[in-house]
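Novice: One structure is given below, represented as structure tokens, and several questions about it will come after.
The values are calculated or read from the model by the stated rules, or taken from the named source; none is laboratory data. If you're wondering where the values come from, they're calculated on a predicted model, not measured in any experiment. Glycine also receives a Cβ, built like all others from the backbone with ideal geometry; neighbour counts cover every protein chain displayed. Protein only, heavy atoms only, side chains kept; ligands, DNA and RNA dropped before computing areas. Shrake-Rupley method; radii C 1.70, N 1.55, O 1.52, S 1.80 Å.
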Amino acid sequence: MKGILEIVCFYFIATNNVVFVQHCGCRDMNPCYKRMLETLLDDNEEPCVENSEIGTISITVFLKALEAFCGKIVTVYNQSLTYQKRNLYEVVLDRNDDKTTTRSNKPVIFLDAGQQGGVEPVNFALIIIEQLVGCKEHNVMSRNVRWVILPNTNPDGREFTRFNIMPWRKNVRLSDDNKINGVDITRNFDDSFHDCGLITNGYSPEFQGNKPLSESESVFITTALNKYKNKLRAYLSIRRDGHALLYPYASTNNTAPGIYKLQEKAAEIVSKVNHKSGFIEMLVTTSINEMNGRPQCGHSVDYVFNKFNQPYAYEMRVYLENDHRMMKKFQALPRGYDTTLKVGYLSVIKELYNLVISEHRNRTFAKRVI
């Protein structure tokens, strides 16, 4: 009986006097996703990403299963490897079942997660994939937009973090002379790379590498970005430790004309999420530089904003991963705490989608009028 309950994982909510069955956050599940769970899930396994202990092998199994059962929506590419030979996955979600929108005309929303190692940003990226593929109520989001998601951009660092108490944010690549132990991927992009002063100590947790794009992980991200640059309409880098939607710049506290639009839209998104979602932690918005309290050069958000002239390039911080580890040693977190955070974070993704699709429709209408 317990196994059946774990597989079904149903709970009920009443909305407008209609009772909906919820499964992993879905009001109604897409047939391909339901068939995947029914076929592959063992009695003692959790069906929902948020309740599962997810390692590198689990991520591979999950993504390959999605492609096998929901291949009309999901395409998974794995053409890049890390220093420890782990796959770097590019997941493309593109629903075209009503044939009203050609794939070539769709705007692209690009997400990457886990540059700092860490567990929670990667788990959240997988939850986004789960929701977009599994839930019928989100079909419109993958029908109108092509989603490109790099769910685990530093798998070596993530695995190191999972099994070590010490904080870690770099990859784990050793230099040929064994004098450098890992590079901070978040500082390895080709934007203002030398402007903050280069750290020469390879054992520093903030060692940026000897040159920009020296790491397979940062090359993987930039290669994927370049692939979709013509239709790229929003970029979001999901990182750990915080509840924030942050805009450029990371490398300086100066502002450029295009920044004001990012500030305005970020403030709108954060206000909606805080007021409508009943967020248990107040989401904040400011510049990456101000949040850090000092410059950070070689940042991917600055890279995208400057190189692609991207109007919507943000860093999103989710969960207080390090604080949670300490808190759970002494007391249980409030019931439903993580679920409430997840709902709030997903609301940010939905509002970003609404922003992109609204501007895409206005742009398309303007072209027709001309």
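Novice: Of the listed peptides 183-193, 79-89, what is their order by residue-averaged count of other C-beta atoms within 10 Å, with the highest listed first?
Specialist: On the way: 183-193: 23.9, 79-89: 16.8.
The peptides rank, most packed first, as 183-193, 79-89.
Novice: Turning to a different aspect of this structure: Please give the per residue accessible area of the stretch 209-249, computed with a probe of 1.4 Å over protein heavy atoms only, in Å². Intermediate values should be presented prior to the final figure.
Specialist: Numbers: 1320 Å² over 41 residues.
Normalised by residue count, the accessible surface of the stretch 209-249 is 32 Å².
Novice: What order do you get for 137-149, 258-270, 348-360 when each peptide is scored by the mean count of other beta carbon atoms within 10 Å, highest first? Working shown, then result.
Specialist: Details: 137-149: 20.3, 258-270: 17.1, 348-360: 18.6.
In decreasing order of mean packing, 137-149, 258-270, 348-360 become 137-149, 348-360, 258-270.
Novice: Let me ask another. Quick one: which of 166-174, 311-319 comes out on top by average Cβ neighbours within 10 Å, and what's the full order, highest first? Provide the component values of the computation, followed by the final result.
Specialist: Working: 166-174: 18.9, 311-319: 23.6.
My ranking of the peptides, most packed first, is 311-319, 166-174.
Novice: If you average 1/r across every pair of different Cα atoms in the stretch 128-200 and take the reciprocal, what Kirkwood value do you get, in Å? Before the final figure, lay out the partial values.
Specialist: Numbers: mean 1/r = 0.0637 Å⁻¹.
Its Kirkwood hydrodynamic radius stands at 15.7 Å.
Novice: Sticking with this one: Where the centroid of each part is defined by its Cα atoms, how far is the stretch 158-219 from the stretch 18-79 in Å?
Specialist: That distance is 33 Å.
Novice: Over 20 Å between Cα atoms, which of 64/350; 85/231; 106/350 qualify?
Specialist: Working: 64/350 25 Å; 85/231 31 Å; 106/350 17 Å.
As for pairs spanning more than 20 Å Cα to Cα, those are 64/350; 85/231.
Novice: Work out the charge dipole of the stretch 188-281 with +1 on the Cβ of Lys and Arg and -1 on the Cβ of Asp and Glu about the Cα centre, then indicate which of 204, 246, 235 is farthest towards its positive end.
Specialist: 235
Novice: Translational diffusion coefficient of the stretch 160-225 at 10 °C, 1.306 mPa s, Stokes-Einstein with Kirkwood Rh over Cα pairs, in µm²/s as a whole number.
Specialist: Working: Rh = 12.4 Å.
Roughly 128 µm²/s, to the nearest whole number.
Novice: Turning to a different aspect of this structure: Just the number: Rg to Rh for the stretch 60-204, Cα atoms, Kirkwood Rh, two decimals.
Specialist: On the way: Rg = 17.9 Å, Rh = 17.0 Å.
Computed over Cα atoms, the ratio is 1.05.
Novice: Sticking with this structure for a sec: How large is the Kirkwood hydrodynamic radius of the stretch 218-295, in angstrom, based on all distinct alpha carbon pairs?
Specialist: Working: mean 1/r = 0.0704 Å⁻¹.
About 14.2 Å, per the Kirkwood formula over Cα pairs.
Novice: For residue 235, what is the net charge nearby, where nearby means another residue's Cβ is under 10 Å from its Cβ and Lys, Arg count +1, Asp, Glu -1? Kindly include the intermediate steps, with their values, before the conclusion.
Specialist: Details: positive: 233; negative: 112, 315.
Taking every Cβ under 10 Å from that of residue 235, the sum is -1.
Novice: If you bin the C-alpha pair distances of the stretch 223-262 every 5 Å from 0, what whole percents do you get?
Specialist: Computed distribution, short to long bins: 5, 15, 21, 20, 25, 13, 1.
Novice: OK, next. Can you send over the carbon and sulfur percentage of the accessible area for the stretch 141-201, probe radius 1.4 Å, protein chains only? Kindly include the intermediate steps, with their values, before the conclusion.
Specialist: On the way: 1260 of 2560 Å².
So the carbon and sulfur contribution to the accessible surface is 49 percent.
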